[in-house]
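Everything below concerns the one structure shown next.
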Amino acid sequence: MDLYMMNCELLATCSALGYLEGDVYHKEPDCLESVKDLIRYLRYEDETRDVRQQLGAAQILQNDLLPIITQYPQDKLLFDAVIRLMVNLTQPALLCFGKVPHDPSSRHCFLQVVSYLQAYKEAFACEKVFGNLSEKLYDLLQLDWEQRQEEDNLLIERILLLVRNVLHVPADPEEEKSVDDDASTHDRVLWAVHISGMDDLLKFLASAPAEQQWGLHVLEIVSLMLRDQDPEQLAAVGQARPAKEQAADVRDLELLRQRELAERKSRAFQRGSRHSRFGGSYVVQGLKSLGDRDLVFHKGLHNLKHYSHDLGKEPRRVPKRRQPAPETELHRRSALNVRLFLRDFCGDFLESCYNRLMYLVKDQLLRERGQQHDETYYLWAVAFFMAFNRSRCFRPELVSETVSVRTFHLIEQNLTAYYEAMLLDKKEATSWARRMHLALKAYRELLTTVQEMDRSPDEAVRDSSKIIKNNIFYLMEYRELFLTLFRKFDASRQPRSFLRDLVETTHLFLKMLEAFCRGRSSLVVQSKRVRRRRKQQSRAHQAAPTAQPPGPQELQELWPGLQDQLNACAQGAEPLPEDMVPFDAASETPVEEQRAQAMVRIQDSLLGGQAAAALTLLRSAREVWPEGAVFGSPQAAVEEETQLLKEILFAPLPRPATPEVEEEEEEEEEEEEELEAVQVSEKEFSFLDYLKRFANVSVVKAYILLLRSYRQNSAHTNHCVAKMLHRIAYDLKMEALLFQLSVFCLFDRLISDPSAAAYKELVTFAKYILGKFFALVATNKKAYVELLFWKSTATAREMTEGYSLLEEGDSSRPHRAPKWTRQEEEELRELFLKYKGVEGADIVGSILPHLQVPSRTRKQVIKQLVQLGLAESARDFRRERKGTRIVLWTEEQEMELQRLFEEFRGADDILGSIMRHLTAKRSKARVVEKLLSLGLVAERKELYKKRKQKPGLPGVSEDSSPVGAAGPEEESDSEEEEEEEAAWEEGSAGGRAAEGRQEQHGESRAALEQDVQGLARCLRQGGLAGPLLWLQNCLNRAADDREEDGTAQPTPLVPLSEENENAMEDEGFQQLLRKVGARAPANEQESFWRLPAKLSPKQLRQAAASMAGEEGTAGGPEQRARALQSLQLARRKRAALAEVETPQLQQPPASPGTEPERDQLGHAWPGPKRNRAVLSDDDENPESQAVAPALPSPDPDLDPDADTDTDSDWDGEGAPAPHPRKRLRIEEEEED
């Protein structure tokens, strides 16, 4: 689309605004509506900002909008609408596009919008426009708060935003081509602001207490007004130049003159005395060409000095991401009248507005009332106005608001935040670096102001300066700030000006700190140390790392002494210790599985010479684990106990693996949680020790990078660089850090510079470093090779003091591991190949005990295996997290497993019996795997529990579980099977057959049912029969809902009555809730107990039936009446959904789950019922069994648990209810 061909609707709207005839603008009747239409069009423009570009190309602002506000200021509605439109048109292009586009088409649109903004700024350089804006703003500010309407506040804000947008437009140096002291477009806009009186209104807004809401707007406008000015030069406008500046100018001119003379002299040498077409060829001895011969030079001798092998080569292309960051600071000298106006404006601003405005702005920033990145204007104001105050006539009271420790802290926080954001946000790293530069300038100006306060004749000002310095030098954050910035300096993101300011700020800080320490005998500062420790699980239960176990000969020598102690204990001569528990009750390991650990504790007591303690532990363990007589029979005599202790002493018991004590770097393969603890302390400060922190290769590189541009640097910057390098080389005796070839090339260029006399300090330092190097070369010929590399402090020390420091084992350096010999490498290779084929083994853990050098650590072995090519990386040798988990089976353990299998082959629970008597602690999955691999069993089903067959209903197969729950999945070998897990907390997604699930979990479910029945009986006797009835109803209703919906959601148990609410707080009732699978409130946002979604309807009904096990004998008349009432209510609810069926009493059951069978038992609950009528009424109201007794079963086989005395079944109210187990079986067959 051609942007110069306007859209027809847009063209018609612009034509309806009016027309300009000479200097008079005639508006159309629809002018106001046309302005509103243009605002609407701008609201719906596309991503290329086509409407904005068309209006800019048509020059609507210059030809229509500006004449309207200058000639029709009395039309309030039109003036307001035009201001709104101009604020939208003049907003920065960066806000329109969000960011600078990278694709060519979008970037072209971006640059086009910027060009239109620059044309708008040119049109605003008019005194009449700003005069009307100032008058309108003045009239609005004259209104009191009671008279000022919301529209007035909006208009004030829009006028301020318009001024901000106009001043924000960047200059176009290509178009303006202005030089210093020439009036640019920005200068002409500033002059229009001054003539119109807008600057006085800005000062009023900054100082008036009633107008504090405009503080950030005013500060932003002021920063844009002064963005091109240098505060020190601005403060010196209109004053006689001091002698110091004149001397600097003379020195610069002398430098230029010397360079010009040197160039003339070199050109004179290039011209020969006579003309010669043949310049001659020369052989340069000592300089080799591409071959082995000397270089042949075909040019004149005057060109030989600048010869390089790189001549004629194409320079290497530097990637864009590695190119130096461009400079963003552009300072220019405005016209004299503008500078005089700005100087007076800054002086008035300091005296009447600065302290108050900075306080308000900082308060809004701390309360987060401003917009994003508004703190940058605060940082700029601190740096600019404090420098202006210091350069004009230093008055600390004018900047007292920002000269404080709180300001130091605020700037340090922002500087650190910008630094971290620059590292994280890679795409916007340049913007973050620019903000960090602003914070650094403010920090430097604060330090400079504090230093200036030290020279004040007022003693109170000097005392304030001492207090501030004492605070900033005491805290560690301020001292570490510069080191961090130097070490993380990135030339591709941070410009050279940032490095210059960082070097000068560091020089000032070190100078102040050195002077502060010199005036005191000792200085105490704060020190912080971050300690990282690894969180070790069950640390209290880990045995201390011991040496190699004693051999048989040592045990034979130890036993006689232990036997004498045991005989003394038997005779009563030595008392036995009391209260020794063989297990750890706080351990996560169950007591039944701590038998092996108890055996190890007995052995440790014997090895420690504590026979009495071992005997006490043996007897206590016998009482805790009497199965199998592992710790002896209860009637064992003293001689038998002594013999048993001897066997324990000589037995090779498996011990849990103890963690290796290694360095923090050697724990990389362990994924353990790190806990950081910041330890704050105080210590005596040493300036020399602090200076040693700067003897770092990163710091030296940054200083050398700035030194390369010594010609462009100021004399003060070169002095700061020379001073820091002198501190490192002379004060710290670390001149070897500068022994680098690129540094020497820089020194050569510096010394041979024609104007070297102007850099006397740098030349002297360069000669000092070169002299030190050539003195070192006389004793260390390898120093020439060392020139090729940057060196650390340790390498520099080895270079100067000798390379034998490593072999001699200097105490100040960490101990290094001994080298691997060829024999050790061969041994390591053989051990690796030996244990490589062992499945599931810890290869490195198996290699370590067999090495000839016992001091080798795990990390050293892994590193050497990688170097030998036996492994790809250290990740191939991850250790098992579970230290007590034994993977390898020894021959004795396999024989023990076979013996236990033969012993318990006929038991009901083969696997459980083996697990209880197995000495080495292993998981059930590992034991099952080993039994299968040894061929003792053909399949896992043979190891399941065998449940005693109970007489049941005719036709009911054994595949149906008595409690209808599924077992856990057993396909995963890594999952440990837990026999004691609650039956109804397991899901119904088991992958086994129903018969296997029944055999493995029948007994545990029966035991849980008995527990629930016992708890229900106790609670019923305690007067909680009503809440129990309510809980049963809740369980049954939840089961019905989940069956009907087909999905399950956690169901809250909401007690509506006071009785039920009190019961929910009873500990016994809560224990019952946990037994049935309910979950307590997880956090403070949950108020009720919930039935988890994993509980199936079958499990919910089973829980409800278990609670009603003995209800018939425990309920009183009141409970029965309440049960009958609940039953009748439930019947009414189900009447509309149920189907009436005729009961058949005497018809025998045909098959499981058939209709006659259900009708037989249906007589116990007369009335309507659904297909699941066997459980529906009973689940809704279990206590109704006592009120509506069922007819006796015609076949006693139907009720195996019923009493044989059938007369009691007809005994009215006391008739017992049918057993819930029978009803659940019937329900299962129905569902099948």
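The values are calculated or read from the model by the stated rules, or taken from the named source; none is laboratory data. Keep in mind that this is a model prediction, so the values were computed, not measured. Backbone-built Cβ (ideal geometry, glycine too); neighbour counts: all protein chains shown. Surface accessibility is based on the protein's heavy atoms, side chains included, excluding ligands, DNA and RNA. Shrake-Rupley method; radii C 1.70, N 1.55, O 1.52, S 1.80 Å.
Here TYR710 meets the list (1) in contact with a Ser or Thr (Cβ under 9 Å, 6 or more places away or on another chain); (2) among the hydroxyl-bearing types (Ser, Thr, Tyr); (3) at pLDDT below 90 almost entirely, failing just condition (3). Any chance region 811-820 includes a residue that's under 28 Å from ALA736 (Cα atoms), open to solvent by 90 Å² or more (accessible area, probe 1.4 Å), modelled with pLDDT of 85 or more and touching a helix residue (DSSP H, G or I) at 6+ places or on another chain (Cβ under 9 Å)? No, there is no match, as no residue in region 811-820 is under 28 Å from ALA736 (Cα atoms), open to solvent by 90 Å² or more (accessible area, probe 1.4 Å), modelled with pLDDT of 85 or more and touching a helix residue (DSSP H, G or I) at 6+ places or on another chain (Cβ under 9 Å). Total residues in region 48-69 satisfying the condition of being polar (S, T, N, Q) and touching a strand residue (DSSP E or B) at 6+ places or on another chain (Cβ under 8 Å): the figure is 1.
Taking the criterion of being more than 23 Å from LEU1056 (Cα to Cα), assigned to a loop (DSSP other than H, G, I, E, B) and modelled with pLDDT of 80 or more, the residues of region 1072-1116 that qualify are LEU1095, SER1096. May I ask you to verify whether VAL525 is out of contact with any Pro (no Cβ under 7 Å at 6 or more places or on another chain) and either aromatic (Phe, Trp, Tyr) or under 16 Å from VAL721 (Cβ atoms) (or both)? When the stated conditions are applied, VAL525 does not pass them.
In the set (1) more than 41 Å from the chain's Cα centre (by Cα); (2) charged (D, E, K, R); (3) modelled with pLDDT under 70, GLU1059 fails one condition alone, (3). All of ARG339, ARG369 fail the test of being open to solvent by 40 Å² or more (accessible area, probe 1.4 Å), at negative phi and among the charged types (D, E, K, R), apart from ARG369.
Within the option set THR506, THR484, being surrounded by fewer than 17 Cβ atoms within 10 Å (Cβ to Cβ) and at pLDDT 90 or above holds for one residue only, THR484. With the structure loaded, tell me whether PHE130 is farther than 18 Å from TYR44 by Cα and surrounded by 17 or more Cβ atoms within 10 Å (Cβ to Cβ) or whether it fails that test. Here the answer is yes, as PHE130 does meet what is asked.
If I filter region 40-55 for residues that are under 20 Å from CYS126 (Cβ atoms) and open to solvent by less than 50 Å² (accessible area, probe 1.4 Å), do I get at least one hit?
Residues of region 40-55 under 20 Å from CYS126 (Cβ atoms): 55.
Adding the requirement that they be open to solvent by less than 50 Å² (accessible area, probe 1.4 Å) leaves 55.
Yes: region 40-55 contains one or more residues that are under 20 Å from CYS126 (Cβ atoms) and open to solvent by less than 50 Å² (accessible area, probe 1.4 Å).
Give the residues of region 1018-1029 that are surrounded by fewer than 22 Cβ atoms within 10 Å (Cβ to Cβ) and more than 15 Å from ALA1104 (Cβ to Cβ), sorted by residue number. Matches in region 1018-1029: CYS1018, GLN1021, GLY1022, GLY1023, GLY1026. I'm checking my understanding of the structure. Among residues of region 699-755 that are buried (at least 20 other Cβ atoms within 10 Å of the Cβ) and among the β-branched types (Val, Ile, Thr), which one is nearest to LEU788 (Cα to Cα)? If we take residues in region 699-755 being buried (at least 20 other Cβ atoms within 10 Å of the Cβ) and among the β-branched types (Val, Ile, Thr), then VAL743 is nearest to LEU788 (Cα to Cα). For region 1030-1069, taking the residues that are in a helix (DSSP H, G or I) and touching a strand residue (DSSP E or B) at 6+ places or on another chain (Cβ under 8 Å), the one that is farthest from MET1107 (Cα to Cα) is identified as ASP1041.
Given the condition open to solvent by 50 Å² or more (accessible area, probe 1.4 Å) and polar (S, T, N, Q), answer yes or no: does some residue in region 96-107 qualify?
Let us first name the residues in region 96-107 that are open to solvent by 50 Å² or more (accessible area, probe 1.4 Å), namely 98-100, 102-105, 107.
Adding the requirement that they be polar (S, T, N, Q) leaves 105.
Within region 96-107, one or more residues are open to solvent by 50 Å² or more (accessible area, probe 1.4 Å) and polar (S, T, N, Q).
Which one is surrounded by the most Cβ atoms within 10 Å (Cβ to Cβ) among residues in region 487-497 that are more than 22 Å from LYS692 (Cβ to Cβ) and within 29 Å of the chain's Cα centre (by Cα)? Outline the logic, then answer.
First, pick out the residues of region 487-497 that are more than 22 Å from LYS692 (Cβ to Cβ): 490-497.
After this cut, where a residue has to be within 29 Å of the chain's Cα centre (by Cα) as well, the list is 490-494.
Numbers: ASP490: 13, ALA491: 16, SER492: 15, ARG493: 20, GLN494: 24.
Applying the filter and picking the extreme gives GLN494.
For the subset of region 731-787 comprising residues that are assigned to a helix (DSSP H, G or I) and among the basic types (Lys, Arg), which member is nearest to LYS701 (Cα to Cα)?
Keep residues of region 731-787 that are assigned to a helix (DSSP H, G or I), which gives 731, 735-738, 741-751, 756-777, 783-786.
After this cut, where a residue has to be among the basic types (Lys, Arg) as well, the list is 749, 760, 767, 772.
Working: ARG749: 18, LYS760: 22, LYS767: 19, LYS772: 20 Å.
For region 731-787, the residue satisfying everything is ARG749.
Out of the helices (runs of 4 or more DSSP H) lying entirely within region 153-261, which hold 1 or more residues that are in contact with a Gly (Cβ under 8 Å, 6 or more places away or on another chain) and in contact (Cβ under 8 Å) with a residue 60 or more places away in the chain?
Values: elements: 173-176, 185-196, 198-207, 215-225, 231-235.
Fully inside region 153-261 and qualifying: 185-196, 198-207, 215-225.
A quick yes/no check of all residues on (1) of a type outside the set (Lys, Arg); (2) at pLDDT below 80; (3) in contact with a strand residue (DSSP E or B) (Cβ under 7 Å, 6 or more places away or on another chain); (4) farther than 30 Å from PRO849 by Cα:
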residue: GLY519; (1), (2), (3), (4): yes, yes, no, yes
residue: GLN556; (1), (2), (3), (4): yes, yes, no, no
residue: GLU574; (1), (2), (3), (4): yes, yes, no, yes
residue: VAL600; (1), (2), (3), (4): yes, no, no, no
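Would you call LEU342 under 15 Å from LEU226 (Cα atoms), aliphatic (A, V, I, L, M) and modelled with pLDDT of 75 or more?
Against the criterion (under 15 Å from LEU226 (Cα atoms), aliphatic (A, V, I, L, M) and modelled with pLDDT of 75 or more), LEU342 qualifies.
When we screen TYR768, TYR784 for residues that are more than 30 Å from LEU253 (Cα to Cα), open to solvent by 70 Å² or more (accessible area, probe 1.4 Å) and hydroxyl-bearing (Ser, Thr, Tyr), the only hit is TYR784.
With respect to the conditions (1) surrounded by fewer than 18 Cβ atoms within 10 Å (Cβ to Cβ); (2) within 24 Å of LYS99 (Cβ to Cβ), HIS437 falls short on a single one, namely (1). The condition (being in contact with a strand residue (DSSP E or B) (Cβ under 9 Å, 6 or more places away or on another chain) and either surrounded by 20 or more Cβ atoms within 10 Å (Cβ to Cβ) or modelled with pLDDT of 90 or more (or both)) is satisfied by just one residue among LEU89, LEU78, LEU111: LEU78.
Please work out which residue is modelled with the lowest pLDDT, limiting yourself to region 858-881 and to residues that are surrounded by 12 or more Cβ atoms within 10 Å (Cβ to Cβ) and farther than 13 Å from LEU828 by Cα. This residue is GLU880.
Within region 376-390, not a single residue is in a loop (DSSP other than H, G, I, E, B) and either farther than 16 Å from PRO231 by Cβ or free of Cβ contacts under 8 Å to residues at least 12 places away in the same chain (or both). Listed conditions (1) in contact with a helix residue (DSSP H, G or I) (Cβ under 7 Å, 6 or more places away or on another chain); (2) not in a helix (DSSP H, G or I) are all met by LYS299, apart from (1).
Looking at this structure, is GLN643 at pLDDT 80 or above, loosely packed, with under 15 Cβ neighbours inside 10 Å and not aromatic (Phe, Trp, Tyr)?
Values: at pLDDT 80 or above: yes; loosely packed, with under 15 Cβ neighbours inside 10 Å: yes; not aromatic (Phe, Trp, Tyr): yes.
Taking the combined requirement at face value, the residue satisfies it.
All of (1) farther than 21 Å from ARG496 by Cα; (2) in contact (Cβ under 8 Å) with a residue 60 or more places away in the chain; (3) open to solvent by 40 Å² or more (accessible area, probe 1.4 Å) hold for THR430 with one exception: (1).
Scan region 45-62 for residues that are of a type outside the set (Asp, Glu) and assigned to a helix (DSSP H, G or I) and jot them down. Full working, then the answer.
Applying the first criterion (of a type outside the set (Asp, Glu)) to region 45-62 yields 48-49, 51-62.
If the condition is that a residue be of a type outside the set (Asp, Glu) and assigned to a helix (DSSP H, G or I), then VAL51, ARG52, GLN53, GLN54, LEU55, GLY56, ALA57, ILE60, LEU61, GLN62 are the ones that fit.
The numbered conditions (1) touching a residue at least 40 places away in the same chain (Cβ under 8 Å); (2) closer than 26 Å to MET453 by Cα; (3) open to solvent by 50 Å² or more (accessible area, probe 1.4 Å) are all true for ARG406 except (1).
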